[in-house]
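J.: Quick one: the structure is below, and I'll ask about it shortly.
Derivation of every value follows stated rules applied to the coordinates shown; laboratory data play no part. Model, not experiment: these values are computed from the prediction. Neighbour counts are summed over all protein chains in view; Cβ atoms, including those assigned to glycine, are modelled from backbone coordinates with ideal geometry.
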Amino acid sequence: MRRKGKASLLLEKQRHSAGALFGLVAGCVFALIAWGVDGALLWSFSSSLPWLKFFAGLPLCLGGGALVGWLTARLNRYWAAILLWFAAGSSIAWMGLRLPFEGLSLIHGLLTPAFRNSEVYPFVSDLLPVGIWVVLGVGLAFSLVGLLEVNFLQSCLGRKMTTRGWMIPLVAALLIVASGVVFDGTIHRSLREPIASVDQGLRAWLRQDRASGAQSPTSSSDLSAFQPLEQYIHQNYRLALGAVNPKAIHQSVVIVNWEDVWGNCFIEGSEITSCQLSIDRYVKPLICILAGGMQHECGIQVAPMALEQIQMIIDRIKGTDVSFEIFSQQGAVVLVRVLSDNSAEYLCLMGEQARITLQRCMTRR
C-alpha cells in the first residue's frame, strides 16, 4: 500500500508538471501568433519598436497559461477546465485588446518620463464592439483547449503515447493558432495597415525617384502627399502609429522619423491624404503662443493648467535667443524642447485631440 501511495503521488506530481507545461506551450503559441506575427510585419514595415507589444504580452501569456494548465491538472475536472481556460483566454484577449492603447501608454511613460500620466495612445472605442466578440471567441477556443488538456492527461500520462494521444495537443495547437490569427487580423491589422501604407508609399517614391531622374516623384498624383517630406525621404526612416480617431479607426496618423526630424502622414482608410513636418504642425503654433498670440490665431488650444506655465516661460525667455526642436513624438503626443541662451530649458507636451492642444510645460532638469 505504501509503495502504491508513493507511485500515485509521483504520478500526480507528473500530471501537475505536465499540465503546467501544456499551459505554458499553449500561451507561448498564442503569443507568437497574436503578437509575434504583428511584430514581424511591423519590423518589415520599418516600424520603430516593432516587438514592443510581443515582449509585453509574452509574459502574460506564459504566466497565465502555465497557471491555468497547472490548476486544470490539479482539479482534473472537465467543468473546472472549461471555466478556468475560458477565464484565461478571455482575460488574455481583453488585456491584449487594451495593450496597444493603455498598455503602450504606460510603457512609453516608463521609457520617457515626460509622457507619464498622458494618453499616448487613447483607446479607440471604434474597436470595442468587434473586440468584445473576439474576446468571447478566444475564451471559447481556450475552453475547448482546456477540455483537451484534461483528456490528454487522463488518457496519456503514464502510458505509452498512441496516435490518438499525439492528436490531442495537435488539435489544441490548431485551436490556439486559429484564435491568435483571428485576434491579430481583427485587432492588430487595423492598427498596422496605416504604417504599411506609408512604408509602401515611401518605397514607391524611392523607386520612382531612381527611375525618373530629374523629375520629382511627387509630381505623381499617387505620391504628391509626400511633397512636404521630400528633402528627407532619402534618409533612413522609422515609422510609428500616431494619433487615431477614437470613433473612426480608419482615420489615423503615421509618424515618420529621420533621426532628429519628424513628420506626420494622415491616413483615410488605406489612402495617404497629406503629410506635414512636425516642426510646422507643432513648433510654429507654440512659437506663436509664446510670442503672445491668441489661441485661435495660433491654431492651438492651451489647457487651463498650461496657461500659467506658458506665462512663466514667456517671462523667462523674454529678450533672449530661443531655439525650438521636436524632442520626441509618440502616438498622439509630442514633446517640444524650448531652449534659451540664458540656459532656461523646457519641455512642452502637446497632444492631438479634436485639435492640437498644449497640455503642459515643464522645466527640464
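J.: Residue-wise, which Karplus ³J(HN,Hα) couplings in Hz belong to the stretch 306-320, taking 6.51 cos²θ - 1.76 cosθ + 1.60, θ = phi - 60°, and x for glycine or proline?
T.: 8, 4, 5, 5, 5, 5, 5, 5, 4, 5, 6, 9, 4, x, 10
J.: Please give the peptides 27-37, 73-83, 89-99 ranked by average Cβ packing (other Cβ atoms within 10 Å per residue), highest first, as a rough proxy for protection.
T.: Working: 27-37: 23.5, 73-83: 16.8, 89-99: 21.8.
Descending packing order for the listed peptides: 27-37, 89-99, 73-83.
J.: Using the Karplus curve 6.51 cos²θ - 1.76 cosθ + 1.60 with θ = phi - 60°, what ³J(HN,Hα) values do you get for each residue of the stretch 231-236, in whole Hz, with x for Gly and Pro?
T.: 6, 10, 4, 6, 7, 5
J.: Multiply the residue separation of residue 248 and residue 236 by 0.36 nm, subtract the distance between their alpha-carbon atoms, and state the gained length in nm to one decimal.
T.: Between residue 248 and residue 236, full extension yields an extra 1.2 nm.
J.: Go through 102-115, 345-358 and give me the packing order, highest mean Cβ count within 10 Å leading.
T.: On the way: 102-115: 17.3, 345-358: 18.9.
The densest-packed peptide leads the list: 345-358, 102-115.
J.: Looking at the chain as a GNM with Cα springs under 10 Å, which of 72, 320, 273 has the largest mean-square fluctuation?
T.: Of the options given, 320 has the highest mean-square fluctuation.
J.: Give the residues of the stretch 231-259 whose amide nitrogen is closer than 17 Å to a point set 7 Å from the Cα of residue 268 in the direction of its Cβ.
T.: Counting backbone N atoms under 17 Å from the label point, the list is 244-254.
J.: If you don't mind, there's one more thing I want to ask. Name the long-range amide H neighbours of residue 242: under 5 Å, sequence gap of 5 or more, or other chain; modelled H, no Pro or chain starts.
T.: 253, 254, 255
J.: Obtain the radius of gyration and the Kirkwood radius of the chain from its C-alpha atoms and give Rg over Rh.
T.: Numbers: Rg = 26.2 Å, Rh = 23.4 Å.
So for the chain, dividing Rg by the Kirkwood Rh gives 1.12.
J.: Explain nothing, just the number: dipole magnitude of the stretch 13-144 about its Cα centre with +1 on each Lys and Arg Cβ and -1 on each Asp and Glu Cβ, in debye rounded to the nearest 20.
T.: Working: 7 positive and 4 negative charges, 123 e Å.
In debye, rounded to 20, the stretch 13-144 gives about 600.
J.: Ok, one more. Would you mind telling me which residue in 201, 293, 319 has the biggest mean-square fluctuation in a Gaussian network model of the chain, where springs connect alpha carbons within a distance under 10 angstrom?
T.: Largest GNM mean-square fluctuation: 319.
J.: If you take the square roots of the eigenvalues of the alpha-carbon gyration tensor of the stretch 304-362 and sort them as a ≥ b ≥ c, do you get rounded (a/c under 1.5), prolate (a/b over b/c) or oblate? Present the calculation step by step, with values, prior to reporting the outcome.
T.: Details: a/c = 2.85, a/b = 1.54, b/c = 1.86.
Judged from the Cα gyration tensor, the stretch 304-362 comes out oblate (a/c at least 1.5, b/c at or above a/b).
J.: Taking H as built 1.01 Å from N, whose amide H comes closer than 5 Å to the amide H of residue 46, not counting residues under 5 places away?
T.: Sorted by chain and number, the residues that satisfy this come to none at all.
J.: Size of the dipole of the chain about the Cα centre, Lys and Arg at +1 and Asp and Glu at -1 on the beta carbon, nothing else charged, in debye to 20?
T.: Values: 30 positive and 25 negative charges, 532 e Å.
Rounded to the nearest 20 debye, it is 2560 debye.
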